[in-house]
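Structure record follows, encoded as structure tokens.
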Amino acid sequence: MTQTPVEELITLTGSQEGEAPAGPDGDVAVHMDNVSVVYRVPHERIPSLKEYAIRRLRGQFTYEDFWALRDLSLTVRRGESVGIVGSNGAGKSTLLKVVARIFRPTQGRVIVRGQVVPLLELGAAFHPELTGVENVYLNATLLGYTRKETEARFKDIVDFAELWDFIDAPLRTYSSGMAARLGFATGTAWAPDVLIIDEILSVGDDAFQRKSRARIRAFQEQGSTVLLVTHDPGLVQAVCQRALWLDHGQIRMDGRPEEVLAAYAAR
Amino acid sequence: MIETPVQAQAVVHRRSGRSNVVYDSARHRMSFLEEIHETWAYRDLLVQLVARDIKSRYKRSALGIAWTMLNPLMMMVVLTLVFSSVFRQWDTHHYPVYLLSAMVLWNFFSQSTTAAMSQLLWGGALLGKIYVPKAIFPLAAIGTGLVNLVIALVPLMVIMLVVGVWPSWAMLFLPVPIVLTAMFALGLGLALSTLAVVFSDVVDMYQIVLSAWFFLTPIIYPESIVPEGERLWMYLNPMYYFVNLFRLPIYEGTLADPMTLVVATVVSVATLALGWVLFTGRIDDMAYRL
């Protein structure tokens with residue numbers, strides 16, 4: 001596996017609007033080029049317009065910049081699975097959010113080829129008064145799928161979640177495990193080009209966990225790129241061929257999982 | 001049914017046509033155009049959000065949809081009792097229709113602009129977790145308001161018949177003021193939610209503005225009681241034109257004059273364009289704020 005020269009990729013993508021460039025660079029899934037994300041943290045929270053106007057007039061306005069990611073460059077090839085480790089606040093979740101286009105980087109450039117599905121806190125959008133059926137449609141359309149696409153996959157979603165007996169009941173009657181199963185089944189009903197997982201593979205009982213791992217594996221086998229953030233080294237070993245150690249918003253180490261995990265454990 | 005469970009797991013479904021999509025964070029010069037495109041791609045979500053709001057509103061109440069009917073009817077009775085005597089010198093005969101026709105439109109306007117803010121703040125928890133075009137939330141608020149407006153037309157018709165105002169052909173014109181008011185409400189709702197994301201007191205402040213605005217608009221009182229010298233404020237109030245455009249076909253069975261239509265159209269188009277540009281200009285910042 002040779003690394004793609006950065007300049008070449010940029011000239012290719014920079015010249016075209018919306019279309020994937022043809023040629024050898026077509027197999028780069030995620031490319032980050034000197035990406036920084038800066039959160040502006042005010043010293044005091046100013047929640048009201050009135051307060052803001054007063055402060056502004058007096059010139060009392062102080063804040064601090066927090067660099068969640070600092071000049072980070074990374075290329076992930078199509079079909080590659082990368083586990084990301086690091087202590088709290090190292091920038092792991094921010095990195096995932098930049099790839100999932102939730103945050104636009106403050107500096108630098110991110111290029112993601114294909115559809116990104118984030119499995120961050122599944123079922124966050126569930127509505128307690130709506131039935132399972134209605135929530136499946138709400139969640140799938142939130143992920144950008146159409147009603148028609150959801151209809152076509154609906155049976156498989158409920159099959160996978162094993163919730164046929166409850167699917168017409170309002171979600172408030174579900175246990176948290178049941179809701180999580182439904183969320184996972186909906187989020188993974190289609191194989192995404194890039195799958196983003198933030199600490200959520202431990203959903204449901206053992207049998208369901210085996211099933212969900214098998215589904216992720218099937219995605220990998222047929223070419224999905226996986227970015228995984230977890231505190232479980234075993235999971236990185238099991239799922240990924242590459243690991244990143246993030247520290248203070250920068251890549252401290254990038255390599256094979258066993259090497260990176262060993263170094264991270266010995267820090 | 002022929003598939004065994006093991007095979008079923010191995011079958012992976014791909015979406016067609018999405019693998020060519022490229023997201024490039026550096027390409028965002030025209031955010032107000034980009035957001036139109038993105039919102040259109042998520043139009044099925046818009047329908048789901050509106051359906052969710054309508055369903056969750058009616059699901060747990062025993063009277064269900066009857067509430068939307070009862071609420072204006074009850075208020076009608078109260079207001080008619082109170083104000084019929086106040087406006088005695090004026091033709092109070094059809095006062096309930098005069099009042100309710102404007103109330104229906106005002107409620108749509110005030111509720112959907114308020115909901116536009118709370119929808120985005122609700123969506124905020126979500127916007128930190130997945131990418132969704134943000135304009136979807138204010139849009140859904142207006143969509144829900146439109147559905148409720150159409151439902152509210154039923155008790156309005158009932159009151160018309162009870163009071164003895166016969167529906168005229170002019171009512172076929174009603175979609176025009178409804179669409180124009182919706183555009184105005186969306187523009188204002190977008191501008192307000194842009195502010196509300198940063199300052200949470202905007203929601204409360206707007207409620208105060210709304211109650212003043214309500215009394216400055218000829219809704220419960222006839223236009224004629226406003227003294228000649230103080231009509232400028234009335235003419236500067238956009239809601240005056242929307243209310244007239246909506247009320248005349250119902251109450252008098254006539255269309256408003258062309259000038260009213262022109263003013264309402266210009267105001268609604270300009271407000272929507274302004275609100276959209278303001279909102280989309282701050283869109284990258286919103287994910288950090290919410």
Checklist entry - Is it the case that some residue within the range A:89-99 is of a type in the set (Lys, Arg) and either modelled with pLDDT of 95 or more or surrounded by 12 or more Cβ atoms within 10 Å (Cβ to Cβ) (or both)? => result yes
Item to check | Positions within the range B:142-157 being free of Cβ contacts under 8 Å to residues at least 60 places away in the same chain and aliphatic (A, V, I, L, M), in sequence order | outcome: B:142, B:146, B:149, B:150, B:153, B:157
Next on the checklist: I'm told residue B:75 meets every condition in (1) modelled with pLDDT of 90 or more; (2) surrounded by fewer than 19 Cβ atoms within 10 Å (Cβ to Cβ) except one. Can you identify the failing condition by its number?
Outcome noted: (1)
Next on the checklist: Can you tell me how many residues within the range A:60-79 are buried (at least 21 other Cβ atoms within 10 Å of the Cβ) and away from every other protein chain (no Cβ under 12 Å)?
Outcome noted: 3
Next on the checklist: Return the residues of the range B:172-199 that are in a loop (DSSP other than H, G, I, E, B) and touching a residue at least 24 places away in the same chain (Cβ under 8 Å); say none if nothing qualifies.
Outcome noted: B:174
Checklist outcome for this item: Checked B:128, B:123 against criteria (small (Gly, Ala, Ser) and either touching a Phe, Trp or Tyr at 6+ places or on another chain (Cβ under 8 Å) or surrounded by fewer than 14 Cβ atoms within 10 Å (Cβ to Cβ) (or both)); the one match is B:123
Checklist entry - Can you name the residue in the range B:40-69 that is within 20 Å of residue B:142 (Cα to Cα) and outside any helix (DSSP H, G or I) and is also modelled with the highest pLDDT among such residues? => result B:42
Checklist entry - In the range A:144-173, which residues are more than 7 Å from chain B (Cβ to nearest Cβ) and in a loop (DSSP other than H, G, I, E, B)? => result A:145, A:162, A:163, A:164, A:165, A:166, A:167, A:168, A:169
Item to check | Count of the range A:90-119 residues which are under 23 Å from residue B:286 (Cβ atoms) and not in a strand (DSSP E or B) | outcome: 17
Checklist entry - residue B:115 fails exactly one of the following numbered conditions: (1) surrounded by 20 or more Cβ atoms within 10 Å (Cβ to Cβ); (2) over 25 Å from residue B:76 (Cα atoms). What is the number of that condition? => result (2)
Next on the checklist: Every residue in the range B:115-129 that is part of a helix (DSSP H, G or I) and modelled with pLDDT under 90, please.
Outcome noted: B:118, B:119, B:120, B:121, B:122, B:123, B:124, B:125, B:126, B:127
Next on the checklist: I'm trying to understand the selection: among the residues of the range B:6-39, which are at pLDDT 80 or above and in a loop (DSSP other than H, G, I, E, B)?
Outcome noted: B:25
Checklist entry - Quick check, is residue B:247 assigned to a helix (DSSP H, G or I), in contact (Cβ under 8 Å) with a residue 24 or more places away in the chain and of a type outside the set (S, T, N, Q)? => result yes
Checklist entry - Can residue A:138 be described as surrounded by fewer than 23 Cβ atoms within 10 Å (Cβ to Cβ) and facing another protein chain (nearest Cβ under 8 Å)? => result yes
Checklist entry - Scanning for something crowded, with 19+ Cβ neighbours inside 10 Å, modelled with pLDDT of 90 or more and within 13 Å of chain B (Cβ to nearest Cβ), does the range A:37-52 turn up at least one residue? => result yes
Next on the checklist: Condition first: in contact with a strand residue (DSSP E or B) (Cβ under 9 Å, 6 or more places away or on another chain), at pLDDT below 95 and not small (Gly, Ala, Ser). Can you find one or more residues in the range B:130-149 that meet it?
Outcome noted: yes
Item to check | Meets criteria (within 23 Å of the chain's Cα centre (by Cα), closer than 30 Å to residue B:122 by Cβ and at pLDDT 90 or above) for residue B:235 | outcome: no
Checklist outcome for this item: If we ask which residues in the range A:93-130 are more than 9 Å from chain B (Cβ to nearest Cβ) and over 10 Å from the mean Cα position of the chain (by Cα), their number turns out to be 5
Next on the checklist: Quick check on my filter: what residues within the range A:137-174 are farther than 15 Å from residue B:13 by Cβ, in contact (Cβ under 8 Å) with a residue 24 or more places away in the chain and of a type in the set (Val, Ile, Thr)?
Outcome noted: A:167
Checklist entry - Exactly one of (1) assigned to a helix (DSSP H, G or I); (2) touching a residue at least 60 places away in the same chain (Cβ under 8 Å) is unmet by residue A:79. Its number? => result (1)
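The values are calculated or read from the model by the stated rules, or taken from the named source; none is laboratory data. Only a predicted model underlies this, so the values are computations on that prediction, with no experimental measurement involved. Note that each Cβ is placed from the backbone with ideal geometry, even for glycine, and that neighbours are counted across all protein chains shown.
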